[in-house]
Every structure is written in C-alpha cells, then in structure tokens.
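**Student:** Sharing a structure here in structure tokens format.
The values are calculated or read from the model by the stated rules, or taken from the named source; none is laboratory data. Since we're looking at a predicted model, the values are computed, not measured. Quick reminder, even Gly has a Cβ in these numbers, built from the backbone with ideal geometry, and neighbours come from all protein chains shown. With ligands, DNA and RNA removed, areas are computed over all heavy atoms of the protein, side chains included. Shrake-Rupley method; radii C 1.70, N 1.55, O 1.52, S 1.80 Å.
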Amino acid sequence: MKPVAIIGAGITGLTAAFYLKRAGVPVTVYEAASRPGGVIQSLRRNGFLAEFGPNTILETSPKIAQLVRDAGLESRKLATDPAAEARYVVRYRRPIEMPGSPPGFFTTRLFTLGAKLAVLREPFIAPRRDGVEESIGQFVVRRFNQEFLDHAIDALVAGVYAGDPHKLSLPHAFPKLKALEDKYGSMIKGQILGARDRKKSGEVAKDRAPKFSFDDGLQVLPDTLAQYLGNDLQLNTPVLKLTRTAAGWTVKTAHDERDFASVIYCGTAYRLAELNVEAAQIPDLRTFAEISYPPVASVVLGFGRQDVAHPCQGFGMLIPKIEGFKILGTIFSSALFPNRAPAGHLTLTSYIGGARYPELALLPEEKLVETVLADLRTLLGVKAKPVFVQTATYPRAIPQYNVGYGKYRQLLTDIEAAAPGLHFAGHYRDGVSLGDSIVSGINIATRLLPS
Ligand SMILES: Cc1cc2nc3c(=O)[nH]c(=O)nc-3n(C[C@H](O)[C@H](O)[C@H](O)COP(=O)(O)OP(=O)(O)OC[C@H]3O[C@@H](n4cnc5c(N)ncnc54)[C@H](O)[C@@H]3O)c2cc1C
C-alpha cells in the first residue's frame with residue numbers, strides 16, 4: 001500500500017487517517033497545532049465542562065454513527081436529553097419557544113399573522129428556475145416574507161454559520177433548501193414529500209437528526225482517533241511546501257522532507273492560501289485567502305441554579321440581529337447532557353462576534369464576559385456573578401459560503417485535476433458542520449482505498 005500524507009488533524013484529517021490506517025495504508029498526519037481536534041476544544045474544570053467549539057454532532061448520516069462504533073466509543077456516547085428539545089428565539093426582548101408542530105406554529109407569539117399567512121401561501125409560489133444564485137435572505141423573502149427572515153432565519157443563520165443571511169449563498173450554504181425548491185417547487189411540500197426519499201437514503205433532515213456528544217465532551221473523539229494513530233500523528237509540525245515528483249509528492253516541514261504517493265489537505269482555506277505548492281499548471285492558491293472566516297468568541301459561564309430566573313430547560317436560544325442584543329445565541333449546555341455542571345449549577349455557552357459583530361469577538365476576556373452578562377441579565381434573568389468563567393476566541397472560526405462560493409469549489413476540483421494525487425477535504429469544501437467534516441473524511445479515505 002502506498003503511503004498517504006494528511007495535512008491537518010481536525011476531525012476531517014483524523015477521520016480520513018483512521019480509516020486509511022485501519023485498512024493497512026501507511027499514513028502520516030501533520031498538524032501545525034500542539035493538540036489534535038482543530039476547532040473542537042473541551043475543557044473540564046471544577047466540575048464544569050466547557051465546550052468552546054462545536055457542542056453537539058448532528059447525526060445526519062449513518063456514517064457518523066459508524067465512526068463512533070469503529071472508534072470503540074459507543075459506550076461513551078451521550079444522546080441529548082429528550083427533555084431538552086425546546087429551542088427559543090428572542091422576540092420582544094425575551095426568549096419565546098419555537099413551535100414544534102403545525103398547530104403550535106399557528107398559535108405562537110413568535111410570529112405575527114402576516115408571517116403565518118406567508119407560510120400558508122408558500123406552496124403556491126412558483127419556484128425560481130432562472131439559474132440566478134440567491135442569498136438565503138433573498139430566497140426567504142421571495143418564498144415567505146421579511147418578518148420570517150428578520151425574526152427566524154437571521155437567528156438560525158447566526159446559529160450555524162455566525163453569518164450574514166444577505167451574503168450566504170442558498171445553493172452553497174443551504175443546498176438542501178435549494179434542492180427542495182428544485183425538486184418539489186416548495187419548502188412546505190418538500191418537507192412533507194421529501195420525508196419518504198430521506199428514509200430511503202438513510203439521510204436525516206438536520207432539524208430531526210439526533211444530536212450527541214461524549215461523556216467528557218466532543219474532544220473525546222479526536223483524542224481517541226489521535227491515540228489510534230500514535231506516532232503517525234506529528235503535532236507542532238506545519239507543512240510548509242508540497243512538491244510534485246514523478247511518483248507522487250514530497251512533503252516539506254521544518255524538520256524533514258518525505259515522499260508520499262498522495263496528499264490529502266484537511267486544513268483551513270486561509271492556510272491553503274499560504275501553502276507553497278510546486279507543480280506544473282497549478283492555479284494560484286492565494287485566491288483562497290478571499291474566503292471570509294469571521295471571528296467568534298465562546299463564553300462559557302457557570303451559575304448557581306438559583307441565580308438564573310429562566311429554567312434553561314432546552315437546547316438554547318437564538319437571537320436575531322433586529323432584537324438589538326450583542327450575543328448571537330446561548331446554548332443551555334448543562335440541560336443537554338449530564339455532568340456539564342456540578343449539582344445545583346448550570347452552564348451556559350454564549351457566542352459573540354461572527355459576521356454580525358466581528359469586532360466584539362476580539363474583546364479581551366473581561367469585556368467579553370461583561371457584554372455577555374449584560375444580555376443574559378435581560379434575557380434569562382441572571383441575578384448574580386458567574387461562579388465559573390472560561391472563554392476562547394477563534395480569530396477565524398467558520399468559513400462563509402457566501403454568494404459566489406462555487407468559484408472556490410471549482411478551483412479545488414481544477415487543482416485536483418491538474419495535480420493528480422493531491423486531494424482536498426473538510427469544512428471549507430464539503431459543508432461546515434462537524435457531521436459534514438466526518439463524512440468528508442470518510443469519503444476521501446474510501447476514494448483512496450484500493451477497491
Ligand atoms: C465556535 C464554533 C462552534 C461550532 N459549533 C458547531 C456545532 O455545534 N455543531 C457542528 O456540527 N459544527 C459546529 N462547528 C463547526 C465544526 O466544528 C467544524 O466545521 C469542524 O470541526 C471542522 O473540522 P475540520 O477538520 O474540517 O477543520 P479544523 O477543525 O479547522 O481543522 C483543521 C486543522 O488543520 C491544521 N492545519 C491547517 N494548515 C496546516 C498546515 N499547513 N500544516 C499542518 N496543519 C495544518 C489546523 O491547525 C487545524 O488543526 C463549530 C465551529 C466553531 C468554530
């Protein structure tokens with residue numbers, strides 16, 4: 001079996017390496033940072049568990065559960081508490097539970113009669129078939145109305161991408177919504193009729209997919225995969241240069257140069273822009289620096305249960321920009337899983353920054369905490385100081401699949417064609433969720449395995 005180099009030990013690179021190694025392929029994983037996991041980062045301290053990056057994995061594909069089984073982690077997997085299904089969206093400056101059923105939708109205070117009528121009208125609006133790439137904002141206003149965008153979708157978009165609905169591309173950032181319109185002519189019809197098709201393929205809609213983590217947080221998954229890789233994973237080792245040779249690729253780091261049959265790039269788009277790749281007819285990689293990754297800060301606060309008026313029983317709350325708060329949303333972390341807070345306490349994880357307020361993510365810790373606390377006092381009735389404080393700032397958090405993103409995806413395909421043996425996988429190509437990255441890692445490993 002010919003050796004494969006993998007650049008990046010985030011979940012994509014680790015997953016690809018795990019499956020290749022299990023099949024007997026010699027792998028070397030190069031990671032610039034001192035720890036595996038990329039943006040996944042869990043920290044346990046004083047009985048609290050802080051999860052700075054992703055909080056849950058959405059099980060949208062059977063491949064995700066398969067990885068957990070293959071990694072031997074079935075017994076450490078934790079499903080979210082079924083009692084914590086409620087999701088809140090802020091309106092009239094307070095969190096209102098999102099309706100979970102059609103009758104609930106028509107009685108909720110979250111939307112006015114105008115938005116409710118817009119939903120009833122949606123199946124009768126002709127699909128757009130002129131091939132023009134819309135933003136998710138344009139799409140929602142066209143098929144529903146402005147209120148639906150401002151009071152619901154804006155918040156959901158902040159929750160997934162920390163992004164701007166007027167910039168995010170419908171076909172690239174929300175391909176499933178686009179596919180519903182293309183196939184069924186309507187979102188509502190597609191939700192109903194598409195259920196049968198999804199059942200057949202084993203795929204699960206994001207809003208219905210089970211969510212899970214592990215007993216000690218999501219970091220358990222990359223740590224376990226890294227352990228399996230042992231010395232095949234080299235931390236603190238950024239790849240500096242790739243050179244095409246007659247037989248494959250030479251990978252250069254600060255320590256050495258080694259030859260491989262193929263290379264999988266599982267890093268970030270902005271680091272790809274800096275990579276020195278020596279091969280004939282390679283397009284200019286600096287283009288990838290154009291992809292926006294706005295900063296996000298995660299602020300994890302622990303409180304005495306009695307010091308928060310809101311029950312915080314649910315997944316969390318999302319906050320539309322129009323409501324005028326600074327935070328993008330808050331996850332009720334200790335309601336989701338046991339052991340996230342000591343008895344009599346709760347953990348709240350809030351996000352700040354993103355495309356909405358990038359400058360706020362870069363505030364010093366003290367100011368971050370002050371800003372989050374001001375919003376939580378109004379929204380959740382926080383009455384005292386937190387007893388646990390941990391923050392982490394991601395200066396470049398999540399790539400924005402904005403209108404025109406197809407150019408970058410096409411460029412990756414062109415490079416793969418011009419430079420055989422060089423492959424690209426991960427969050428900047430195959431979707432920004434953790435589940436998407438796992439599936440991306442599995443798919444690239446499968447493609448490289450001899451059949
Ligand atoms: C704050 C935050 C919250 C999130 N919440 C959720 C959530 O709740 N649910 C969900 O599904 N998803 C969530 N996501 C998204 C999800 O976590 C990511 O999409 C996914 O983890 C990306 O994995 P990856 O391996 O593709 O990339 P990364 O995790 O970015 O890993 C890339 C790795 O490559 C390394 N690297 C780059 N260049 C080089 C080089 N030249 N040489 C060596 N190494 C290099 C980097 O150091 C890094 O470790 C969140 C993301 C963030 C930032």
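**Student:** Which entries in the list K321/K383; K189/K211; K167/K206; K176/K199 go over 19 Å, if you measure between the two C-alpha atoms of each?
**Tutor:** Flagged as over cut-off: K321/K383; K189/K211; K167/K206.
**Student:** Right, here's the next one. Among L73, T60, V27, whose Cα lies farthest out toward the positive end of the dipole of region 8-87, if unit charges sit on the beta carbon of Lys, Arg (+1) and Asp, Glu (-1)?
**Tutor:** So the residue we want is V27.
**Student:** With Cβ to Cβ distances under 14 Å as the rule, what net charge do the other residues near E122 carry (K, R +1; D, E -1)?
**Tutor:** Spelling it out: positives minus negatives among the neighbours equals +4.
**Student:** Report, for the chain, the % of DSSP beta bridges that are antiparallel, rounded to 5.
**Tutor:** 70
**Student:** Using the eigenvalues of the Cα gyration tensor, what equivalent ellipsoid semi-axes result for region 1-131 when each is taken as the square root of five times the eigenvalue, whole Å, largest first?
**Tutor:** In descending order, the three semi-axes are 42, 23, 15 Å.
**Student:** K77: which aspartates and glutamates have alpha carbons under 16 Å from its alpha carbon, excluding same-chain residues fewer than 8 sequence positions away?
**Tutor:** The reachable aspartates and glutamates, counting only those whose Cα sits under 16 Å from K77, are E51, E59, D215, D216, D223.
**Student:** When DSSP assigns beta bridges and you keep just the ones with both residues in region 214-291, what percent turn out antiparallel, to the nearest 5?
**Tutor:** Among the beta bridges of region 214-291, antiparallel pairing accounts for roughly 75 percent.
**Student:** I'd like the distance between the alpha-carbon centres of region 365-413 and region 265-336, rounded to an integer number of Å.
**Tutor:** 5
**Student:** Over the alpha-carbon set of region 188-235, divide Rg by the Kirkwood Rh and report the Rg/Rh ratio to two decimals.
**Tutor:** 1.27
**Student:** If you count only protein heavy atoms with a 1.4 Å probe, what accessible area per residue comes out for region 202-259, rounded to a whole Å²?
**Tutor:** Each residue of region 202-259 exposes 50 Å² on average to a 1.4 Å probe.
**Student:** At a 1.4 Å probe, what is the % contribution of carbon and sulfur to the accessible area of the chain?
**Tutor:** 55
**Student:** Still on this structure, please answer the following. Which value, in nm² and rounded to one decimal, describes the direction-averaged projected area of the C-alpha convex hull of region 164-204?
**Tutor:** Mean shadow area of the hull around the Cα atoms is 3.2 nm².
**Student:** Taking the alpha-carbon set of the chain, what are its Rg and Dmax in Å?
**Tutor:** 22.4, 68
**Student:** List the aspartates and glutamates whose Cα lies under 17 Å from the Cα of K367, skipping any in the same chain that are fewer than 8 positions away.
**Tutor:** Within the straight-line limit of under 17 Å, K367 reaches these aspartates and glutamates: E359, D375.
**Student:** Using 7 Å Cα-to-Cβ label points, what is the R94/Q191 separation (nm, one decimal)?
**Tutor:** For R94 paired with Q191, the spin-label model returns 2.6 nm.
**Student:** Work out how much length D81 to L113 would gain on full extension: take 0.36 nm times their residue separation and subtract the Cα-Cα distance, in nm to one decimal.
**Tutor:** 8.2 nm
**Student:** In a shell of Cβ-Cβ distance under 14 Å around M187, excluding M187 itself, what net charge do Lys and Arg (+1) and Asp and Glu (-1) give?
**Tutor:** +4
**Student:** So for region 403-443, what percent of the C-alpha to C-alpha distances run longer than 13 Å?
**Tutor:** Percentage above 13 Å: 55.
**Student:** Which of Q306, A9, S186 sits closest to the plus end of the dipole of the chain, meaning its Cα is farthest towards the positive end, when Lys and Arg get +1 and Asp and Glu get -1 on the C-beta?
**Tutor:** S186
**Student:** With the cut-off at 1.5 for a/c, could you classify region 255-309 from its C-alpha gyration tensor as rounded, prolate or oblate?
**Tutor:** Verdict is prolate for region 255-309.
**Student:** Let me ask something additional. Please report the spacing between the Cα centers of region 107-172 and region 6-40 in Å, no decimals.
**Tutor:** 38
**Student:** When we measure straight from the Cα of K241, which lysines land under 19 angstrom away, once same-chain ones fewer than 8 places off are left out?
**Tutor:** Result set, ordered by chain and number: K252.
**Student:** Right, here's the next one. Answer with one residue from A361, A374, A397: the one whose Cα lies farthest towards the positive end of the charge dipole of region 353-399, charges on Cβ with Lys, Arg +1 and Asp, Glu -1.
**Tutor:** Towards the positive end, the residue furthest out is A374.
**Student:** Of the listed peptides 379-390, 333-344, what is their order by residue-averaged count of other C-beta atoms within 10 Å, with the highest listed first?
**Tutor:** Taking the mean over residues of other Cβ atoms within 10 Å, the ranking is 333-344, 379-390.
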